[in-house]
Amino acid sequence: MIEVSGLSKRFDELLAVDGLDLAVAPGEILGLVGVNGAGKTTCLRMLAGILPATTGSILIAGHRMTADAVAARRSLAFVPDTPMLFESLTVHEHLVFVAELYGVAQPAPRMDALLAEFELTAKRHELASSLSRGMRQKLALVCAFLHEPPVLLLDEPLTGLDPPGRRHTCEAIARRAAAGSAVIVSSHQLEIVERLSTRFLILHQGRVRLSGTLEEIRARVAGERRPDAGPATADGLPSFEDIFMHATAPQPPAGRAPDP
């Protein structure tokens with residue numbers, strides 16, 4: 001559902017993303033993680049068609065972003081880390097606008113179901129400008145889910161949510177994947193990414209450091225980590241946090257062994 005090959009993005013002298021390859025099948029949730037500045041948001045914005053790639057190809061639901069951008073964008077929803085809402089529209093008016101934009105047939109039942117799912121029914125007639133940070137995040141997710149896209153790109157989707165809101169949102173994302181959507185979730189909340197994702201990709205300085213299932217990357221890191229690297233799980237394998245720290249640690253110069 002998502003196919004990326006040789007994707008790079010350069011801003012003047014900065015190579016923000018360098019030769020990224022990835023694929024996400026229907027039903028998969030890819031956890032995209034990395035330190036600040038690793039290239040995660042740049043990657044998602046290229047996949048969403050917001051930023052043009054410097055090199056490489058992007059296919060969304062079989063549509064090439066460069067040749068068939070409208071069809072590719074109609075097949076996805078992108079939720080940025082800061083919700084981009086229309087301050088003078090109500091919650092309901094946002095959904096009407098999105099339904100008309102994407103040509104959703106008979107949207108009313110779907111609107112009602114989504115508002116109930118995200119506990120926004122009572123806020124239906126409130127302006128976006130009056131919503132709390134968490135409510136704004138929920139509204140952005142409702143708008144993203146309304147046209148039932150086969151591809152979901154979610155950048156820090158849990159920001160501003162309280163613990164019940166985080167749990168309900170994770171369950172909502174998992175339901176969309178179970179129904180066949182291909183999902184990429186980027187977040188600094190490693191424990192939630194670990195619990196939610198079926199596969200992982202760790203970016204560092206624009207390059208892929210590790211990718212695969214949790215079992216695959218644990219096995220790889222277990223053979224590379226230093227004895228004092230950090231806590232392991234009950235079965236002796238490295239924790240996901242330890243994997244992340246290992247993958248994003250500074251690399252020694254070529255030809256030089258790491259310090260003892």
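Brief remarks follow.
- Taken over the range 72-148, the alpha-carbon convex hull comes to 83 cubic angstrom per residue.
- Its residue count N fixes a reference of 2.2 N^0.38 Å for the range 2-212, and the Cα radius of gyration divided by that reference is 1.00.
- For the chain, the longest principal axis of the Cα atoms and the long axis of helix 163-178 meet at an angle of about 90 degrees.
- Annotation: amide H of H204 within the under-5 Å range of R209, sequence separation 5 or more or interchain, hydrogens built in the peptide plane.
- Amide H contacts for L161 (H built 1.01 Å from N in the peptide plane; partners 5 or more residues away or on another chain; cut-off under 5 Å): none found.
- Straight-distance candidates among the lysines for linking to K9, with alpha-carbon spacing under 26 Å and chain neighbours fewer than 8 residues away dropped: K40.
- Database remark: amide H of A182 closer than 5 angstrom to the amide H of G27, V151, L152 (H placed geometrically; neighbours at sequence offset of 5 or more, or on other chains; Pro and chain starts carry no H).
- In order along the range 42-47, phi translates into HN-Hα couplings of 4, 4, 5, 5, 5, 4 Hz, rounded to whole numbers, per the Karplus curve 6.51 cos²θ - 1.76 cosθ + 1.60 with θ = phi - 60° and x for Gly and Pro.
- Helical content alone sets the calculated 222 nm signal of the chain at -10000 deg cm²/dmol, taking -39,500 (n - 2.57) per DSSP H segment of four or more residues and averaging over every residue.
- Of the trypsin sites (Lys or Arg not before Pro) in the range 84-134, those whose Cβ has at most 14 other Cβ within 10 Å and which sit in DSSP loop: R124
- The long axis of helix 108-117 is offset from the longest Cα principal axis of the chain by roughly 50 degrees.
Read-outs throughout are calculated quantities, based only on the coordinates presented, and are distinct from any laboratory measurement. Bear in mind that the values here come from a model prediction, so they are computed numbers and not experimental data. With ideal geometry, Cβ positions are generated from the backbone for all residues, glycine too; neighbour counts draw on all protein chains shown.
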